[in-house]
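Report on the structure given below.
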Amino acid sequence: MAEHHASIEWTTDGGEFTRGRYSRKHTWSFDGGVTVAASPAPAVVPEPWSDPAAVDPEEAFVASLAACHMLTFLHVASRKKFEVRSYRDDAVGTMAKGENGVPWVATVTLQPRIEYGESGPTAEEERELHHLAHEQCFIANSVKTEVKVEAGG
């Protein structure tokens, strides 16, 4: 099976590390050559030790689930001969405190809005496409987070 690599890099900014007063800004680099500015969410670690403009792990997790669902949906739709012209999802991850007291991303709600060509599915067929996409999504099959799909026109 395939392997997927990511390199994470952080270097001290000279802050007071042992007092928790240091930047958590870092980078994520991927094998295709893309490097992304990353940081904890400001809701978790306040500025100036975080960067609200950077991607945080929770956002990346939500985006990963949404992208996997979309890519799988497009594959399933193409196999069923439905023409998709555009797909947009404003996905939302919701944090909750686990039984052990540690916060986690308990729910991700996908909200895909899909535009079809002349060969679009019925509402029931679209629900089935989302069901198949969820069943086949690699990321959704890898996590305990509940993934909901609230599809709309």
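Using only alpha carbon pairs under 8 Å that are at least six residues apart, calculate the relative contact order of region 57-149 and give it in whole percent.
In percent, rounded to a whole number, it is 35.
Count neighbours as other Cβ atoms within 10 Å of each site's Cβ, and list the trypsin sites (Lys or Arg not before Pro) in region 80-139 that are DSSP loop with at most 11 such neighbours. Don't skip to the end; give the middle numbers.
Values: sites: Lys80, Lys81, Arg85, Arg88, Lys97, Arg113, Arg127; in loops: Lys80, Lys81.
Those that pass, being in a loop and sparsely packed, are Lys81.
From the backbone phi of region 42-49, what are the Karplus-calculated ³J(HN,Hα) couplings (6.51 cos²θ - 1.76 cosθ + 1.60, θ = phi - 60°) in whole Hz, Gly and Pro given as x?
x, 5, 9, 10, x, 5, x, 8
Read phi for every residue in region 101-106 and hand back ³J(HN,Hα) as whole Hz from Karplus 6.51 cos²θ - 1.76 cosθ + 1.60, θ = phi - 60°, with x for Gly and Pro.
Result, ordered by residue: x, 8, x, 8, 7, 7 Hz.
Lys and Arg at +1, Asp and Glu at -1: add these up for the other residues within a Cβ distance under 14 Å of Gly152 and post the number.
Values: positive: Arg88, Arg113, Arg127, Lys148; negative: Asp89, Asp90, Glu115, Glu126, Glu150.
Here the charged neighbours net out to -1.
Can you compute 3J(HN,Hα) from phi for each residue in region 7-23, using the Karplus curve 6.51 cos²θ - 1.76 cosθ + 1.60 with θ = phi - 60°, rounded to whole Hz and x for Gly and Pro?
Here the 3J(HN,Hα) series is 10, 10, 9, 9, 9, 4, 9, x, x, 8, 4, 5, 9, x, 9, 8, 6 Hz.
Please work out the Cα center distance from region 7-35 to region 78-108, rounded to the nearest Å.
Taking the Cα centre of each part, region 7-35 and region 78-108 sit 27 Å apart.
With an 8 Å Cα cut-off and a minimum separation of 6 or more residues, compute the relative contact order for region 1-55 in percent. Please list the in-between numbers first.
Details: 82 pairs, mean separation 15.4, N = 55.
Relative contact order of region 1-55: 28 percent.
If you filter region 59-132 for GluC sites (Glu not before Pro), then keep DSSP loop positions with at most 14 other Cβ within 10 Å, what is left?
Passing both the DSSP loop test and the Cβ count: Glu83, Glu99, Glu118.
How large is the Kirkwood hydrodynamic radius of the chain, in angstrom, based on all distinct alpha carbon pairs?
On the way: mean 1/r = 0.0565 Å⁻¹.
Averaging 1/r across every pair of different Cα atoms and inverting gives 17.7 Å.
In degrees from 0 to 90, rounded to the nearest 10, what is the angle of the helix 57-79 Cα long axis to the longest principal axis of the chain?
The helix 57-79 is inclined about 20 degrees to the chain.
From the helices alone, meaning DSSP H stretches of at least four residues, give me the mean residue ellipticity at 222 nm for the chain, per-run term -39500 (n - 2.57), in deg cm²/dmol to the nearest 500. Kindly include the intermediate steps, with their values, before the conclusion.
On the way: 2 runs with 37 residues, N = 153.
That comes out to -8000 deg cm²/dmol.
Contact order normalised by length for region 1-132, with contacts defined as Cα pairs under 8 Å and 6 or more residues apart; what percent is it?
On the way: 181 pairs, mean separation 20.7, N = 132.
16 percent.
State the number of lysine pairs found in the chain whose Cα atoms come within less than 30 Å, restricting to pairs 8 or more positions apart or on distinct chains. Numbers along the way, then the final one.
Working: Lys25/Lys97; Lys25/Lys144; Lys80/Lys144; Lys80/Lys148; Lys81/Lys148; Lys97/Lys144; Lys97/Lys148.
Qualifying lysine pairs in the chain: 7.
Along the positive direction of the dipole of the chain (beta-carbon charges: Lys, Arg +1; Asp, Glu -1; about the Cα centre), which of Val45, Phe17, Ala123 reaches farthest?
Phe17
No value in this document is a laboratory result; all are computed from the given coordinates. Since the model is a prediction, treat every value here as computed from it, not as a measurement. A quick note on method: Cβ atoms are made from the backbone with ideal geometry, for glycine too, and the neighbour counts reach across all protein chains shown.
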